[in-house]
Amino acid sequence: MDELDRFEPGPHSFSGTVRAWIGNTAELVTDSGVVLFLDTHGQQPVPVGTRIHVETRKYRPCHFVTRTTLA
């Protein structure tokens, strides 16, 4: 990993249900039951309870969302 790049290499994809979406952060409960903390800067808000699919880049301890689609 480049010293100046705050992201871990490679994208990650997850599907699940939105547990919270407040401002530029969200929580997603994945289909396997893991709770992810998301940095949602630049994404349209999604209502709580909506199933979505996200593509992310990981940086500790969050995932930066690069794309959000309805699942």
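Things worth noting here:
- Translational diffusion coefficient (Stokes-Einstein; Kirkwood radius from C-alpha pairs) of the chain at 4 °C, 1.567 mPa s, in µm²/s: 107
- Note on the chain: with charges restricted to the Cβ of Lys and Arg (+1) and Asp and Glu (-1), its dipole about the Cα centre is near 240 debye.
- Residues H53, H41 arranged by fewest to most Cβ contacts within 10 Å: H41, H53
Each value in this text was obtained by applying a stated rule to the coordinates, not by laboratory testing. Computed from a prediction, not measured in an experiment: that's the story for all the values here. Virtual Cβ from ideal backbone geometry, glycine too; neighbours counted across all protein chains shown.
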